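Here's the structure we're looking at; comments come further down.
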Amino acid sequence: QQPVQSPQAVILREGEDAVINCSSSKALYSVHWYRQKHGEAPVFLMILLKGGEQKGHDKISASFNEKKQQSSLYLTASQLSYSGTYFCGTESGSGNTGKLIFGQGTTLQVKP
Amino acid sequence: KAGVTQTPRYLIKTRGQQVTLSCSPISGHRSVSWYQQTPGQGLQFLFEYFSETQRNKGNFPGRFSGRQFSNSRSEMNVSTLELGDSALYLCASNKGRGGPRIMNTEAFFGQGTRLTVV
């Protein structure tokens with residue numbers, strides 16, 4: 001089942017903060033976050049694993065609440081380059097499936 | 001280090017035809033996943049291959065198939081094309097995992113193949 005992302009869209013001014021949420025109805029093994037700019041491939045940002053391990057971007061942080069099957073991506077002091085569509089991809093069960101189910105995306109626009 | 005390469009980048013086909021798309025993963029990566037991206041449905045998982053074996057398949061009809069070669073390169077095939085198959089097809093590679101205790105790794109996407117069915 002597809003995870004639900006919120007908000008669907010957000011507009012920020014440079015320097016402002018944003019939070020993007022991802023919620024699943026299934027028990028999750030991992031959550032992956034990607035950003036896609038128009039006409040480009042999705043780019044890996046962050047991976048969060050059940051048990052607390054995480055790996056990713058220096059300037060972007062995220063959290064993973066295993067009990068609630070929710071993850072949040074925190075964008076602080078946003079820059080123009082942060083604009084794009086953010087996707088969370090979830091992996092269920094015991095992992096090692098190579099299969100990510102993506103949310104519908106959150107469009108972020110950062111204005112000067 | 002070369003990234004994920006997908007060929008061709010653009011393709012126009014007629015309804016009823018078939019098409020084969022290619023994906024060369026990052027050197028050393030053994031897992032290749034395929035996704036279909038459309039404005040209405042977003043990113044949808046098609047299938048994943050690891051060491052030439054399909055490990056998972058999404059909810060797509062049998063017209064969609066794939067394979068992986070010993071050098072980890074992968075192809076996907078769509079037969080009897082329909083207008084609704086028009087989409088951006090993305091492949092993603094990652095190191096893959098040989099067992100449950102190996103940490104998950106990030107997937108790197110190719111630029112995709114834009115398929116238009118007319």
| request: Can you tell me the relative contact order of region B:1-111? Whole percent, Cα pairs under 8 Å, sequence separation 6 or more. | output: 33 percent
| field | Dipole axis of the protein assembly as shown (+1 Lys, Arg; -1 Asp, Glu on Cβ), positive-most option in B:Leu90, B:Ser74, A:Gln36 | value | B:Ser74
| query | Which of the aspartates and glutamates could a cross-linker span from A:Lys99 if the Cα-Cα distance has to be under 13 Å and same-chain partners fewer than 8 positions apart are dropped? | reply | A:Glu91, B:Glu48, B:Glu106
| Under the definition of Cα pairs under 8 Å and six or more residues apart, what whole-number percent is the relative contact order of chain A? | 38 percent
| B:Glu52/A:Lys111 FRET efficiency (R0 41 Å; Cβ-Cβ; nearest 0.05) | 0.30
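Using alpha-carbon pairs under 8 Å, 6+ residues apart, how would you state the relative contact order of region A:13-65 in percent?
Numbers: 52 pairs, mean separation 13.1, N = 53.
Reported as a whole number, the value is 25 percent.
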| task | Could you please report the charge total around B:Leu81, scoring K, R as +1 and D, E as -1 over all other residues with beta-carbon less than 9 angstrom from its beta-carbon? | result | +1
| remark: Applying the gyration tensor rule to the Cα atoms of chain B (axes a ≥ b ≥ c; rounded if a/c under 1.5, else prolate if a/b exceeds b/c, else oblate), the class is prolate
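Please work out the FRET efficiency for the pair A:Lys68 and A:Gln1, using the Cβ-Cβ distance as r and a Förster radius of 25 Å; give the result to the nearest 0.05.
After rounding, the FRET efficiency stands at 0.95.
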| task | Compute the FRET efficiency between B:Thr38 and B:Arg67 as 1/(1 + (r/R0)^6), taking r as their Cβ-Cβ distance and R0 = 25 Å, and round to the nearest 0.05. | result | 0.60
| request: Principal axes first, then extents: for the Cα atoms of region A:23-112, list largest minus smallest coordinate on each axis, whole Å, largest first. | output: 42, 25, 20
| field | Quotient of Cα Rg and 2.2 N^0.38 Å for the protein assembly as shown, N being how many residues it contains | value | 1.00
| request: Rank these for me by crowding, B:Thr53, A:Thr85, A:Thr76, going from fewest to most other beta carbons within 10 Å. | output: B:Thr53, A:Thr76, A:Thr85
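Any read-out appearing in this document is the output of simple, stated calculations on the displayed coordinates, not a laboratory observation. Note that the structure is a prediction, hence the values are computed from the model and not measured. Ideal geometry is used to build each Cβ from the backbone, glycine not excepted, and the neighbour counts take in all protein chains shown.
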